[in-house]
Amino acid sequence: MSGEGREWLETDGWGGFASGTADLVRTRRYHGLLLVAARPPADRWMLVNGWEGWLVGAQGERLPLTSQAYRDVVYPNGREYLEVFAHEPWPRWSYRIDEETRLDVELIVPGEGPGTVLSFSLHGGTERWRSIDLRLLCSGRDPHHLRSADGDPKVGLEVAGCRLGYELNPGAPPFFVWGAHKYRHAPEWFRQFEYAEERARGLDAYEDLLSPGHFELDLREGAAALILSTAANFGPRCGTDAVGFAEHCKERVRERSARRRDRLGRAASAYVSRRGDGHTVIAGYPWFGDWGRDTFIALRGLRHLPEGRELESSILLEWSQVVSRGMLPNRFPDRGDTPEYNSVDASLWYVLAVRDHLATAETDAPTESRLWEAARSILEGYLQGTRHGIGLDVDGLIRAGEPGVQLTWMDAKVGDWVVTPRIGKPVEIQALWLAALAFAVAREAGLARHLERGRASFAEKFFDPERGWLRDVVDVDHEPNRMDPRLRPNQVFALGGLGPDLLSPGQAHSALDAVERILWTPAGLRTLDPSETEYRARYEGGVWERDGAYHQGTVWPWLTGPFVDAWVHLRGGGPDVQRAARNRFVAPLLTQLDRAGLGHISEIADGEAPHTPRGAPFQAWSVTELFRLDRTLAR
């Protein structure tokens, strides 16, 4: 079967999703049929983790359709009958039952609310095979935690016409099921499921799941469907056929896919979610929420969707409401309402997103005023000084940082250990700050003196003539003239494409050549020079080992975007240069689309060949930056 072991993802546009593997064996605690956000996109709940199904014949014979990984055993052997798996336009599994009979199982997340549809169609063999006996496997838990059997199996049940309602756990939202021809309530624990990916990451890997009962789906007409949702009005009315409802959902997904035309566009749109009255971006699946930094970087690609300008406006307006002391949140927690203001770059990325939006989109006066005021308040906060030591220094550059706090995108922290603290004046923060000032000067001329002082200081302090590249941090730990000279990819933001030129052409070419020669891989840029003692070639092991490697050599695909921007800019930006960049840097990344998260690009990859994908298999900025390059570079 094609695609075995790789992962698929279907998102609902409200922070929830369904995900799993091609062979239906769950390998992560996050794999499930119905994971919903009670307060989109936060307060997530894993409700239905999976299903166990048997094709039932007229004489009572039973053939398994699924396989479950338990401790030391995989049972039953349903995956042996799987012949074909396809993940576009939605996941579909084709079973070869016998020479005359094929069963297709499809999973559709229509995106019209928190819900999933399982569709079954039998081709041939309808006289021999009559129904499906199906049990849902449920947890009703926080997605990040596992559940253990806690006493007698109990599931609250409510019957309302053709709809069944379930309550798994106090505090967990109830969910509803439509489509069963018969149902027998028989709660039972299924114990000791094993999640291979969790075990490989050094985390708890065993879980007990609760099954409410048996659903019988009649296949004598050749088709059946089971609909799952936390919205009581999501599924079909009692007079409406569940199979017809499933076909309606398929048609809606087809229409949406047709509007987005290409594969990368469809992948990019999967990260967009509702938040409040507007929208936001989920940083990555399956475990990230919406992060400020990731959201505004992802906007660079999302604006190329057909609905991109409207979406960009909605996201920027939504986030404008949470500016505090000149800062935007780094992230919103899954539980609780207090956002975390621990990022020095998220707010600056927002200002540049406002810049790009106002430069290219038709914006009404009230919207333009709100966006500019949000951007202006950020600049004022940095000029006057704000949290975590962030503020303007006398040299016109931004200082930032205090012990124990991670502020830049290199933000790994385990316990009290900040792996790459970067306290002082990180190189990309200066590039973002000076680009933001260059945008603001046209509206407030008084900012020009800060821009000129900052540009002069940058040229003086950051280029290392002995090594031929840019220092990663200057005035380390706020000590004047203490430098971190290590070669890291953060300098690409200062080499062209983001804002005003900050170096001489010779300096910029020298630095970019070093980045390409030492850090470039077919999966993206390494985060550290392999000659450094801290370099880690592989991202694997337990939490401490993995986070210790996160930014110490691990490859990040999203950095390809700013790297290519600089590469094209420094060579004049013409069509021939753009085509060369596409062939040289973008084409290798396109081959990564089916290596881990099907149709997507992973968060990270190993620093050494074969550059195995690691981290979240579905990452917003990895996809959206590739989508942006694909749309903007000449073919």
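Each other residue within a Cβ distance under 15 Å of L137 adds +1 if Lys or Arg and -1 if Asp or Glu, for a net charge of +1. Computed about the Cα centre, the dipole magnitude for the range 138-236 is approximately 220 debye when only Lys and Arg (+1) and Asp and Glu (-1) carry charge, each at its Cβ.
Would you kindly state how much longer the chain becomes between R325 and A587 on full extension, computed as 0.36 nm times their sequence separation minus their alpha carbon distance, in nm to one decimal? Before the final figure, lay out the partial values.
On the way: separation 262, 0.36 × 262 = 94.32 nm, distance 4.24 nm.
Separation in residues times 0.36 nm, less the Cα-Cα distance, equals 90.1 nm.
Karplus-based coupling profile of the range 599-614, in residue order and whole Hz: x, 10, 10, 6, 4, 8, 8, 4, x, 10, 4, x, 6, 4, x, 9, with θ = phi - 60° in 6.51 cos²θ - 1.76 cosθ + 1.60 and x standing for Gly or Pro. Rounded to 0.05, the FRET efficiency of the H181 and D277 pair, given R0 = 45 Å and the Cβ-Cβ distance, is 0.65. Over the chain, DSSP H runs of length four or greater, each weighted -39,500 (n - 2.57), average out per residue to a 222 nm ellipticity of -8500 deg cm²/dmol.
Would you rank W45, W51, W417 by solvent-accessible area, highest first, keeping every protein chain in place and using a 1.4 Å probe? Show your work: numbers first, answer last.
Values: W45 40, W51 10, W417 95 Å².
The ordering from most to least exposed comes out as W417, W45, W51.
In this simple spin-label model, placing a label point 7 Å from the Cα along the Cα-to-Cβ direction at both W287 and R128 gives a separation of 4.5 nm. Karplus-derived 3J(HN,Hα) values for the range 522-539, using 6.51 cos²θ - 1.76 cosθ + 1.60 with θ = phi - 60°, are x, 9, x, 9, 5, 9, 7, 4, x, 7, 6, 5, 7, 4, 10, 7, 10, 9 Hz; glycine and proline are entered as x. Cross-link reach is defined here as a Cα-Cα straight distance under 18 Å, omitting same-chain residues fewer than 8 places apart; for K461 the lysines meeting it are K425.
For the chain, the Cys residues with no second cysteine's beta carbon closer than 4.7 Å are C138, C249. Which label belongs to the value computed from this structure, given these candidates for log10 I(q)/I(0) by the Debye sum over Cα atoms at q = 0.07 Å⁻¹: (1) -0.40; (2) -0.59; (3) -0.47? This structure yields the entry labelled (3). Model label points for E362 and D416, set 7 angstrom from Cα along the Cα-to-Cβ axis, are 5.9 nm apart.
Taking the Cα centre of the range 13-169 as the origin and placing charges on Cβ (Lys, Arg +1; Asp, Glu -1), which of H123, T101, N77 is farthest toward the positive end of the dipole? The Cα lying farthest towards the positive end belongs to N77.
Each distinct pair of alpha carbons in the range 463-552 adds a 1/r term; the inverse of their mean, the Kirkwood radius, is 14.3 Å. With q set to 0.11, 0.25 Å⁻¹, the log10 of I(q)/I(0) for the range 45-133, from the Debye formula over equal scatterers at the Cα positions, is -0.35, -1.36. The modelled label-to-label distance for the pair A258/E99, using points 7 Å beyond Cα in the direction of Cβ, is 4.0 nm.
Near E540: Cβ cut-off under 10 Å, other residues only, Lys/Arg at +1 and Asp/Glu at -1. The net charge is +3. Rounded to the nearest 20 debye, the dipole size of the chain about its Cα centre is 780 debye, using +1 on the Cβ of Lys and Arg and -1 on the Cβ of Asp and Glu.
In sequence order, the range 177-189 has phi-based couplings of 10, 10, x, 6, 7, 9, 9, 10, 6, 8, x, 7, 7 Hz under the Karplus curve 6.51 cos²θ - 1.76 cosθ + 1.60, θ = phi - 60°, and Gly or Pro positions carry x. When the alpha carbon gyration tensor of the range 405-556 is reduced to an equivalent ellipsoid, the three semi-axes, largest first, read 28, 18, 14 Å.
Cβ under 11 Å from D475's Cβ, D475 left aside: what net charge do those residues give with Lys, Arg +1 and Asp, Glu -1? Write down the numbers at each step before the final one.
On the way: positive: R399, K425, K461, R471, R482; negative: D393, D395, D477, E479, D484.
Result for the local shell: 0.
How do 35-43, 231-239, 318-326 rank on mean C-beta neighbours within 10 Å, highest first? Each step should come with its number before you reach the end.
Values: 35-43: 21.6, 231-239: 14.2, 318-326: 18.0.
Descending mean neighbour count gives 35-43, 318-326, 231-239.
Loop-resident trypsin sites (Lys or Arg not before Pro) (DSSP state other than H, G, I, E or B) in the range 1-72 with no more than 10 further Cβ atoms inside 10 Å of their Cβ: R71.
Using C-alpha pairs under 8 Å with a sequence gap of at least 6, the mean separation divided by the residue count of the chain gives a relative contact order of 11 percent.
The values are calculated or read from the model by the stated rules, or taken from the named source; none is laboratory data. This one's a predicted model, so the numbers in the text were calculated from it and none came from an experiment. Positions of Cβ are backbone-derived with ideal geometry, glycine not excepted, and every protein chain shown enters the neighbour counts. Side chains are part of the model used for accessible areas, which takes the heavy atoms of the whole protein and leaves out ligands, DNA and RNA. Shrake-Rupley method; radii C 1.70, N 1.55, O 1.52, S 1.80 Å.
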